[in-house]
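Novice: Sharing a structure with you now.
The values are calculated or read from the model by the stated rules, or taken from the named source; none is laboratory data. Just so it is clear, the structure is predicted and the values come from calculations on it, not from any experiment. Reconstructed Cβ throughout: ideal geometry from the backbone, glycine too, with neighbour counts over all protein chains shown.
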Amino acid sequence: MIELYKNGGYLLHGTEMIPEEEVAAVEQKLGRKVSKEEAKKGTIAYSILKNHNLNDNMDDLKIRFDDLTSHDITYVGIIQTAKASGMDKFPMPYILTCCHNSLCAVGGTINEDDHLFGLSAAQKYGGIYVPPHVAVIHQYMREMYAGCGKMILGSDSHTRYGALGTMAVGEGGGELDKQILGDTWDNPYPGVVAVYLNGAPKPWVGPHDIAIAICGAVYKNGYVKNKVMEFVGPGVASMTTDYRNGVDVMTTETTCLSSIWRTDEDTHKFLKEHNREADYKELTPADVAYYDGVVSIDLSTIKPMIALPFHPSNAYEIDELNANLDDILAETEKAAAKVAQGRATFTLRDKITKDGKLQVQQGVIGGCAGGNYTNVGEAANLLKGKFIGAGEFALNVYPSSMPVYMDLMRKGYLTELMASGAVVKTAFCGPCFGAGDTPNNNGLSIRHTTRNFPNREGSKPGQGQMAAVALMDARSIAATAANNGRLTSAEKYAEAFGDVPEYHFDESPYKARVYYGFGKADTKKELVYGPNIKDWPTLPSLGENILLKVCSKILDPVTTTDELIPSGETSSYRSNPLGLAEFTLSRRDPGYVGRTKAVKEVEVAREAGKDVTADDADLKAVFDGLKNLPGNATLANTEIGSTIYANKPGDGSAREQAASCQRVIGALANITQDYATKRYRSNVINWGMLPFHLKGEPKDFEVGDYIYVPEVRKALAGDMQDIKAYVVKKGAAVPISLYIKPLNEEEKAIIKAGCLINFNRARKGL
């Protein structure tokens, strides 16, 4: 059972949670008055944030992180930005892993070209480089860098090491660049929500079951959005640290800001096994700690779960789904139809067998969530002596690092998996984001990975292809494999679990292949560029007035970063800003790129001093319509760009390309009701786009219309709560009201400069 408190709660002595409404009981137990404001300082999160805050004011955090980490679809752009901004070396450990572009999906040499660039950058600037197939990013960080009381910033949304006592944050590349260049990560002090754990999970219940249950309880109501999830209570001790890691990495899917767990002797044991005993210290809340919300979980009540397409929060107990297949799958098919938009078909009820079972086409266990030692070991124990069959169902397993792979191999687990018919592969994140194991058309894949967003598995509705992913724990995936792909709860094989011996960490693959360059920067080293690695294009500063052409209007409740810029094989183009931008919104609105590039051409001509209205009657009519509006708009003082409207964009990945791709082909702003995540809004700001919100419904404009925002630079200097704008069409100007949620002075300056690169270059006099 999962209970969400209506308000906050007080945790006493780390064990007893009391609702805020019963503060009198708290005071009685303590024998003294309690101050909520003082009790807020009793959380683990507060102490870590305070130790990393360079600002005297805890209400406005300015954080310096201990370590940085990126993988190979983000580090090239980050390093290129830092280089253009005047970087000379990495000021802190910066770990570059090669776990995303490890397969050459497209483009010949371009993936390995990126890797050689990464190695040369580690040598030149003093970084740490982890070659392909050696480890996925988050497992490497768990094994080698996460420690108690630390903070780590990563350019991947699943940067979560809370179970090791580290507050980790996933952000876009711009925020890592700020750290590299000596700046801070700025954020208001976040709310802290307790995840209060009681009891113990059943042996057949895995970390993904708990994580999916939590996502189902908190995502849609925004209970933990942009807050820190702090895992406390006696139930923490019922899970090993390896198990906790599997729950923790999924907190990203709740849209929380970060996570932290109380630490204990098992945390100590994990770090000692990884030769980092010195990184352990006990982290526990004060005798009284106040939390802004409480997610109370009796772990013993959690059952094997499934998250149906197309979000980790679409949570059902597997038993519930199996008992109501037709009704529940019918609802999922309705969601699939919205995703496909008539371009492809996808059905689920055709997979219901004559005996009423759900036939699955593929299973995957891998990555930072599923590839952990215990998950793979439990799956192997279940499948020992069994066969997955020679039918349509296939099972692929990716241990999360070479040390994990080696210990599983030495203990015979990989042999058991292979003998059952499973295919064991190396450390690779591809199945999580569509760069590996794309299922068949109309296929259903069950995966112990982090996400199951629409078409993230690699299918392309625009080409008549549609597949989907449901998330499950490795234990239930193994149970399904044992039944030749018929959906099965791990509880059916209850006796198979709980007999995985302790893990032994062997660092030798890292000693053999990882380049450790921190503190050894060789400034004379030349960066190695492949032909696909391109510099960021030059971007202009913000105009006095702006004229925005609406190039896409998306009315879905939420728009993911996978829709803004697809994952999968397009990742290979992430070192080529303009090349990648050709895929912007390609799965959601294929006409967007052509529309916004046409606007960009007009703006380039305007900047060159040409009269862009001379041969464009529609644009001339728009400028004629501006004459009686504020701003004294002329071609000389009015920047022209594109915008998109989306109700709630930015759920999902931290990848800055979801914003930069819009920007480099002409975008000046986004207009929304809200931003799904802080990280996407930060990316929008760092790429010099205005993060507008719309007051009211988007009924006054459509694709192709122009929105005029006069004196926008002046508006940034005000409270930004009522920014006058006008929809200009057919000789009329319809007023609309925009606003921007608070920005700090540096964020305003970045937008005015046109992007973070421009801001930094101006500051350094470059």
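Novice: Regarding segment 551-570, can at least one residue be identified that is buried (at least 17 other Cβ atoms within 10 Å of the Cβ) and over 24 Å from the mean Cα position of the chain (by Cα)?
Specialist: Scanning segment 551-570 turns up at least one residue that is buried (at least 17 other Cβ atoms within 10 Å of the Cβ) and over 24 Å from the mean Cα position of the chain (by Cα).
Novice: Can you pull out the residues in segment 531-584 that are in the same structural domain as Lys752 (by TED's automatic domain parsing), touching a Cys at 6+ places or on another chain (Cβ under 7 Å) and not in a helix (DSSP H, G or I)?
Specialist: Matches in segment 531-584: Ile565, Thr584.
Novice: For the structure I just gave you, tell me whether Glu277 is without any contact (Cβ under 8 Å) to a residue 12 or more places away in the chain and touching a helix residue (DSSP H, G or I) at 6+ places or on another chain (Cβ under 9 Å).
Specialist: Against the criterion (without any contact (Cβ under 8 Å) to a residue 12 or more places away in the chain and touching a helix residue (DSSP H, G or I) at 6+ places or on another chain (Cβ under 9 Å)), Glu277 qualifies.
Novice: Given the criteria within 12 Å of Ser157 (Cα to Cα), of a type in the set (Gly, Ala, Ser) and either surrounded by 24 or more Cβ atoms within 10 Å (Cβ to Cβ) or modelled with pLDDT of 95 or more (or both), does Gly652 qualify?
Specialist: Answer is yes for this residue.
Novice: Still on this model: Pull up segment 276-314, narrow it to residues that are of a type in the set (S, T, N, Q) and either in contact with a Cys (Cβ under 6 Å, 6 or more places away or on another chain) or buried (at least 22 other Cβ atoms within 10 Å of the Cβ) (or both), then point me to the one that is nearest to Glu230 (Cα to Cα).
Specialist: The selected residue is Ser313.
Novice: Can you tell me which residues in segment 185-214 are assigned to a helix (DSSP H, G or I), in contact with a Pro (Cβ under 8 Å, 6 or more places away or on another chain) and either surrounded by fewer than 24 Cβ atoms within 10 Å (Cβ to Cβ) or among the β-branched types (Val, Ile, Thr) (or both)?
Specialist: Ile210, Ile212
Novice: Would you pick out the residues in segment 722-763 that are free of Cβ contacts under 8 Å to residues at least 60 places away in the same chain and hydroxyl-bearing (Ser, Thr, Tyr)?
Specialist: Ser737, Tyr739 - these are the residues of segment 722-763 that are free of Cβ contacts under 8 Å to residues at least 60 places away in the same chain and hydroxyl-bearing (Ser, Thr, Tyr).
Novice: Quick one: count up the residues across segment 153-183 that are assigned to a strand (DSSP E or B) and either touching a Cys at 6+ places or on another chain (Cβ under 9 Å) or over 21 Å from Ala659 (Cα atoms) (or both).
Specialist: Residues flagged as assigned to a strand (DSSP E or B) and either touching a Cys at 6+ places or on another chain (Cβ under 9 Å) or over 21 Å from Ala659 (Cα atoms) (or both) within segment 153-183 amount to 2.
Novice: I'd like to verify a number: residues in segment 56-81 that are assigned to a loop (DSSP other than H, G, I, E, B) and either free of Cβ contacts under 8 Å to residues at least 40 places away in the same chain or of a type in the set (A, V, I, L, M, F, W, C) (or both), how many?
Specialist: The qualifying residues number 5.
Novice: OK, next. Can you pull out every residue in segment 83-108 that is surrounded by 22 or more Cβ atoms within 10 Å (Cβ to Cβ) and under 22 Å from the mean Cα position of the chain (by Cα)?
Specialist: Tyr94, Ile95, Leu96, Thr97, Cys98, Cys99, His100, Asn101, Ser102
Residues checked against (1) farther than 28 Å from Met151 by Cα; (2) not assigned by TED's automatic domain parsing to the domain that holds Asp287:
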{"site": "Leu12", "(1), (2)": "no, no"}
{"site": "Glu20", "(1), (2)": "yes, no"}
{"site": "Gly31", "(1), (2)": "yes, no"}
{"site": "Gly42", "(1), (2)": "no, no"}
{"site": "Ser47", "(1), (2)": "no, no"}
{"site": "Leu68", "(1), (2)": "no, yes"}
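Novice: Checking Asn111 against (1) surrounded by 19 or more Cβ atoms within 10 Å (Cβ to Cβ); (2) in a loop (DSSP other than H, G, I, E, B); (3) at pLDDT below 95; (4) touching a Leu at 6+ places or on another chain (Cβ under 9 Å), which test does it fail?
Specialist: Unmet for Asn111, out of (1) surrounded by 19 or more Cβ atoms within 10 Å (Cβ to Cβ); (2) in a loop (DSSP other than H, G, I, E, B); (3) at pLDDT below 95; (4) touching a Leu at 6+ places or on another chain (Cβ under 9 Å): (2).
Novice: Take the residues in segment 377-404 that are of a type in the set (D, E, K, R) and over 20 Å from Asp437 (Cα atoms), then tell me which one is surrounded by the most Cβ atoms within 10 Å (Cβ to Cβ).
Specialist: Step by step, filter segment 377-404, then rank; the result is Glu378.
Novice: What number of residues within segment 614-628 satisfy the criterion of being under 42 Å from the mean Cα position of the chain (by Cα) and either more than 25 Å from Lys714 (Cβ to Cβ) or modelled with pLDDT of 95 or more (or both)?
Specialist: Residues flagged as under 42 Å from the mean Cα position of the chain (by Cα) and either more than 25 Å from Lys714 (Cβ to Cβ) or modelled with pLDDT of 95 or more (or both) within segment 614-628 amount to 2.
Novice: Here's something else I'd like to know. Which of the residues belonging to segment 410-459 are touching a strand residue (DSSP E or B) at 6+ places or on another chain (Cβ under 8 Å) and on the phi > 0 side of the Ramachandran plot?
Specialist: Gly421, Asp437
Novice: Among the residues of segment 715-744, what is the count of those that are exposed (fewer than 13 other Cβ atoms within 10 Å of the Cβ) and outside any strand (DSSP E or B)?
Specialist: Number satisfying all stated conditions: 8.
Novice: For segment 591-608, state whether one or more residues are closer than 29 Å to Ser70 by Cβ and either part of a loop (DSSP other than H, G, I, E, B) or assigned by TED's automatic domain parsing to the domain that holds Leu383 (or both).
Specialist: no
Novice: Kindly provide the set of residues from segment 673-704 that are crowded, with 24+ Cβ neighbours inside 10 Å and polar (S, T, N, Q), ordered by number.
Specialist: Residues satisfying the conditions are Thr677, Ser682, Asn683, Asn686.
Novice: Here's another thing I want to ask about it. One residue is enough: does segment 362-376 have a residue meeting the conditions within 27 Å of Gly206 (Cα to Cα), out of contact with any strand residue (DSSP E or B) (no Cβ under 7 Å at 6 or more places or on another chain) and surrounded by fewer than 15 Cβ atoms within 10 Å (Cβ to Cβ)?
Specialist: no
Novice: Is there a residue being small (Gly, Ala, Ser) and in contact with a Leu (Cβ under 7 Å, 6 or more places away or on another chain) anywhere in segment 205-224?
Specialist: The answer is yes; a qualifying residue exists.
Novice: Take the residues in segment 156-184 that are among the polar types (S, T, N, Q) and at pLDDT 95 or above, then tell me which one is farthest from Glu746 (Cα to Cα).
Specialist: It comes out as Thr166.
Novice: Is segment 123-144 home to any residue that is of a type in the set (Gly, Ala, Ser), part of a helix (DSSP H, G or I) and closer than 28 Å to Asp186 by Cβ?
Specialist: Checked against the condition, which is being of a type in the set (Gly, Ala, Ser), part of a helix (DSSP H, G or I) and closer than 28 Å to Asp186 by Cβ, segment 123-144 yields no hits at all.
Novice: Consider Ala379 carefully, then state whether it is closer than 28 Å to Gly652 by Cβ and either charged (D, E, K, R) or out of contact with any Phe, Trp or Tyr (no Cβ under 8 Å at 6 or more places or on another chain) (or both).
Specialist: yes
Novice: For Gly696, only one of the following conditions fails: (1) at pLDDT below 95; (2) within 24 Å of Thr560 (Cβ to Cβ). What is its number?
Specialist: (2)
Yes/no per residue for (1) in a helix (DSSP H, G or I); (2) surrounded by fewer than 14 Cβ atoms within 10 Å (Cβ to Cβ):
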| position | (1), (2) |
| --- | --- |
| Arg587 | no, no |
| Asp611 | no, yes |
| Asp618 | yes, yes |
| Phe623 | yes, no |
| Asn632 | no, yes |
| Glu639 | no, no |
| Ser642 | no, no |
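Novice: Taking segment 132-143 only, how many residues are surrounded by fewer than 22 Cβ atoms within 10 Å (Cβ to Cβ) and on the phi < 0 side of the Ramachandran plot?
Specialist: Residues in segment 132-143 being surrounded by fewer than 22 Cβ atoms within 10 Å (Cβ to Cβ) and on the phi < 0 side of the Ramachandran plot: 1 in total.
Novice: Follow-up question, since we're still on this one. Checking Asp407 against (1) out of contact with any His (no Cβ under 7 Å at 6 or more places or on another chain); (2) in contact (Cβ under 8 Å) with a residue 24 or more places away in the chain; (3) surrounded by 18 or more Cβ atoms within 10 Å (Cβ to Cβ), which single condition isn't satisfied?
Specialist: Of everything listed in (1) out of contact with any His (no Cβ under 7 Å at 6 or more places or on another chain); (2) in contact (Cβ under 8 Å) with a residue 24 or more places away in the chain; (3) surrounded by 18 or more Cβ atoms within 10 Å (Cβ to Cβ), Asp407 misses just condition (1).
Novice: Another question, if that's okay. Here are some residues: Glu320, Glu273. Which one is charged (D, E, K, R) and either in contact with a Cys (Cβ under 8 Å, 6 or more places away or on another chain) or under 30 Å from Pro454 (Cα atoms) (or both)?
Specialist: Glu320
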